[in-house]
Every structure is written in C-alpha cells, then in structure tokens.
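Single-structure report; data block below.
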Amino acid sequence: MRTSDFDYHLPPSLIAQSPASPRDNSRMLVCNRGDSARAGMHFYDLPGFLRAGDVMVLNETKVIPARLLGIKEESGIPVELLLLRRLSAERWEALVKPGRRLKEGTWISFGEGQLRAQVLTSLPDGTREVRFQYEGVFEALLDALGQMPLPPYIRRQIGDAIQYQTIYARTEGSAAAPTAGLHFTDTVLAAIREKEVDIVPVLLHVGLGTFRPVKADVVEDHHMHSEYYEITVEAARRINAARAAGGRILCVGTTSVRTLETAADNAGRVQHGHGMTDIFIKPGYRFKACDLLLTNFHL
C-alpha cells in the first residue's frame, strides 16, 4: 500500500489557525458506514448521536510547555529542543534542531543560564537523550522558559496556553494536545452525561508522531514512535461492562483509539495496565474495542 494513495489537496485557507469561540461551535461531519454522510452539523450536536449505555473515552493527558529555545554554549548558535518523554528526574528524550550540530557532550543554555542541558546520546529514531542541570524546581523553570509546541500546520504562536489544553486535561506529559478533545465545553459534557453516557478517562502522552510525517513510500514501512499509555482498573471495568451490556465505545481522538486497541485482547476486552505502544492502525485493521471515532481532519 503506497503512501501516495492517501494524498489529497488541502487548501491552506481551510486550516483553522485559531479555535472557534465558543469551542463547541466548530463544524462537524457525521459519517456512518453504508449510509450517506450528514453535513451541516456543529460539535454541540454531538450528544444527539449518543445513547444511554454508551461510553465516551477521553485522553486526559495535559500538554507541557515542551518547546525550549536556547543557544549552544560554545558558539551561541540558536538551538531548539522539543521534550518528548521523561526518562528520569533529569533525563529526557528530545527532538533537537539543528541536529547535526548537537553532538554528544554539547551543552545548551536556556534563559540566562537558569536551565542547561547536555546532549548525552543519539537514539535510533533520530531523537536525542539529554540531561538537564538546574537549581530549583524543573517544572517551574519549564513553565517560565518553555512554549507550547504547536503542530506544524499551525503558523502562529498562541497567546493563551489554555487554548491548547482540553478542559479535562489532568496528567502532564504530552508534547502536543489530543486535538479532537479541544472542542469540548462543560455544556457539551453535561449534555452527554444527561444522556446517561459514561465518560471514562484513559491516558496516552502524545509524542513525536504528531510532529513527524509519514515519509516512507510504502505505508507498511513507516515506524510509529512509542508513546506511554495507562488504563486504570476502574476504567477497564467500566468500558468492558458497557460493551457487555450492548453499549457502544466512542473514542475521542486517535490517541484514545490507540490506547484501547493496544490494551484490548482478541475478544475486545480492555485490559488495565500501562506501558509503551507503537501500534500503527492502517487499512485492513480490524478494530477490537472501538465502535465510534471522534476525530479532527488531518492531512
């Protein structure tokens, strides 16, 4: 299967550079397999497509200001770090620019030297392992010095970081937002609960995959970057109970899909636990746990 089979023209003018206000006023297209698509909907219409006994699965990850702009200490050359995954208290996996000039042992300075990072080693997928040196609390320094790492199709830096968080974000660790969830408002969530739909949180920290396009000519040759996921015992119980009772599972965003499909056995029962997933879902895949998908359009 060739990657070019999925090409289509996306006019830049149709890529929203700022969110709708209020968030739930975004347009929505509803597609049913074997049925005609229904256009002209808005996100606030979503509760009308759900029914009592369904489960809506949300990814409660929270974006950190993971984009750090600094300088190479020995030359003053501008450097950019995108933090992807925390490996220990001081060590992170990161995407670095310019990669060729940041060899092992290189020191990078951020701010007025409040935060320093040393490149330790190159990892197989082209990322780097870096070790930070600082005084005080790392999270506080990151809040002061870091920026929200917007996807490459957003050409403007947002002024309000809250715009790039879902209203239900809880656990910090993502390099990007699970964007399908950005359209929710408290009003929509309340309407969904009134339909007796259970809202269940899971966790997947979004990493490099959001920023790295599929470059392989053949789809099957693409390697997905591993991301951390977590499903609690209670979340698995509620999802499995709803499915056993005939309820449908709506996954909000591809991150929720990948979390459930990684954790589900061949019978579709979701297992609790945590770990790393590099699952790559492509045409021909048979879904085990997800019945409905709410997603954004992406090139």
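Evaluating GLY76 against the criteria (1) surrounded by 13 or more Cβ atoms within 10 Å (Cβ to Cβ); (2) without any contact (Cβ under 8 Å) to a residue 12 or more places away in the chain leaves one unmet condition, (1). VAL206 satisfies every condition listed in (1) assigned to a loop (DSSP other than H, G, I, E, B); (2) in contact with a Ser or Thr (Cβ under 8 Å, 6 or more places away or on another chain); (3) modelled with pLDDT of 95 or more; (4) not basic (Lys, Arg) except (3). Scanning the stretch 101-142 for residues that are among the aliphatic types (A, V, I, L, M), within 11 Å of ARG91 (Cβ to Cβ) and surrounded by fewer than 19 Cβ atoms within 10 Å (Cβ to Cβ) yields a single hit, LEU120. Pairing each residue of the stretch 81-103 that is part of a strand (DSSP E or B) with any residue that is at pLDDT below 90 and hydroxyl-bearing (Ser, Thr, Tyr), provided the two are 6+ apart or on different chains, yields C-beta distances under 7 Å for LEU84/THR127; GLU93/THR127; ALA94/THR127; LEU95/THR127.
Is it the case that some residue within the stretch 44-57 is open to solvent by less than 10 Å² (accessible area, probe 1.4 Å) and of a type in the set (Gly, Ala, Ser)? No, the conditions are met nowhere in the stretch 44-57. In the stretch 185-204, the residue that is farthest from the chain's Cα centre (by Cα) out of those that are open to solvent by less than 30 Å² (accessible area, probe 1.4 Å) and under 27 Å from ARG86 (Cβ atoms) is VAL200.
All of ARG248, ARG286 fail the test of being open to solvent by 60 Å² or more (accessible area, probe 1.4 Å), at negative phi, charged (D, E, K, R) and out of contact with any Gly (no Cβ under 7 Å at 6 or more places or on another chain), apart from ARG286.
The values are calculated or read from the model by the stated rules, or taken from the named source; none is laboratory data. Computed from a predicted structure; not experimentally measured. Cβ: placed from backbone, ideal geometry, glycine included. Neighbour counts: every protein chain shown. Accessible surface areas use protein heavy atoms only, side chains included; no ligands, DNA or RNA. Shrake-Rupley method; radii C 1.70, N 1.55, O 1.52, S 1.80 Å.
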